[in-house]
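Comments concern the structure below.
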Amino acid sequence: MQHPKKGLATTRPGTRLCHAVPTRSGPPDTTGPGSVEADTVAHCDDSTAAAVLAQLQELENVVPYTMKDFHTDNGGEFLNWALHRHLTGRAVKLPWTRSRAYRKNDNAPCEQKNWTHVRQLFGHERFGHAELVPLMNDLYAREWSQFTNHFKPTFKLLKREMKNGRTKRIYEQTPQTPYQRLLGSPDIPEATKTKLCAAHAGLDPFALKKSVEAKLKKFFTALGNLDRESMKT
């Protein structure tokens with residue numbers, strides 16, 4: 001299936017909290033796990049603000065590491081008082097920074113995942129049927145999350161060098177999956193690594209891909225049926 005190349009943006013500037021969330025100077029510290037960048041990719045009509053806090057709370061409950069800092073863009077779905085209270089109202093405040101206005105490169109590692117982790121599945125189309133939400137969430141949380149974290153290696157940027165007036169990016173020689181990076185991190189407890197290994201041993205990448213394709217077929221079949229029903233009314 002071919003997807004439209006571009007979609008409408010739902011990000012709206014969140015100006016009321018800009019003074020309370022400092023901008024980040026320079027790239028995040030990725031020498032260890034815990035630096036989290038966040039972005040939203042819309043499948044809905046206009047707003048993405050409602051679910052961000054709930055999704056962050058769920059993320060903190062399932063990731064095998066402790067968040068050490070949090071970085072977002074300037075959208076109102078992030079710069080709101082509910083999220084501010086959640087991040088700063090804890091016993092130990094979680095450092096929260098935002099990108100500079102109109103500087104997408106400040107959130108580049110996260111922005112790059114919009115295509116590989118989201119648009120490759122569902123494209124840029126907006127889906128106006130609430131009945132589709134459970135189907136999408138199930139695929140994201142199960143097969144697609146397991147496949148991307150356990151079986152999709154990526155190259156990590158090691159450093160940048162200036163050569164003949166141009167910036168040269170130096171990447172690691174061997175790509176790794178997020179699962180491999182956690183196993184190789186001295187910051188992850190051995191008990192956690194044992195659980196990750198047990199979970200990995202029970203996964204089959206070919207079975208996961210087959211299940212992904214089956215659920216996508218179910219999703220787009222349901223979408224077609226709902227679109228036809230809505231045209232009748």
Worksheet item: Along the Cα-to-C-beta direction of Trp115, a point sits 7 Å from the Cα; which residues of segment 127-158 have their amide N less than 16 Å from that point?
Response: 154-155
Discussion item. Output needed for the chain: three equivalent-ellipsoid semi-axes, defined as square roots of 5 times the C-alpha gyration tensor eigenvalues, in descending order, whole Å.
Written reply: 30, 25, 20
Item to complete: Determine the shape class of segment 58-186: with a ≥ b ≥ c the square roots of the Cα gyration tensor eigenvalues, call it rounded for a/c under 1.5, and otherwise prolate if a/b is greater than b/c, oblate otherwise.
Response: rounded
Worksheet, complete the sentence: For the chain, dividing by residue count, accessible area per residue (probe 1.4 Å) in Å² works out to 65 Å²
Discussion item. Using protein chains only and a probe of 1.4 angstrom, how many square angstrom of Lys232 are accessible, to the nearest 10?
Written reply: 150 Å²
Practice prompt. Work out how much length Ala50 to Asp138 would gain on full extension: take 0.36 nm times their residue separation and subtract the Cα-Cα distance, in nm to one decimal.
Written response: 29.8 nm
Worksheet entry | Note, ³J(HN,Hα) from phi for segment 151-165, Karplus 6.51, -1.76, 1.60, rounded to Hz, x at Gly and Pro | 9, 10, x, 9, 8, 9, 6, 8, 6, 10, 10, 8, 9, 6, x
Discussion item. Only Cα pairs within less than 10 Å get springs; with that Gaussian network setup on the chain, which residue of Glu60, Glu125, Glu77 has the largest fluctuation?
Written reply: Glu60
Worksheet entry | Contour minus Cα-Cα distance for His84 and Ala201 (0.36 nm per residue) | 38.3 nm
Item to complete: Filter the DSSP H helices in the chain by two things, a Kyte-Doolittle mean of at least -0.5 and an axial alpha-carbon span of 30 angstrom or more, and list the hits by number.
Response: 205-232
Item to complete: Mind checking the full-extension length gain between Val92 and Glu190? Use 0.36 nm per residue of separation minus the Cα-Cα distance, one decimal, nm.
Response: 32.8 nm
Fill in: Helix-only CD estimate at 222 nm, as mean residue ellipticity for the chain, using -39500 (n - 2.57) per DSSP H run (n ≥ 4)
-10500 deg cm²/dmol
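The values are calculated or read from the model by the stated rules, or taken from the named source; none is laboratory data. What you see is a predicted model, and the numbers here were worked out from it, not measured in a lab. Glycine gets a Cβ as well: all are built from the backbone with ideal geometry, and neighbour counts include every protein chain shown. Calculation scope for accessible area: heavy atoms of the full protein, side chains included, ligands and nucleic acids excluded. Shrake-Rupley method; radii C 1.70, N 1.55, O 1.52, S 1.80 Å.
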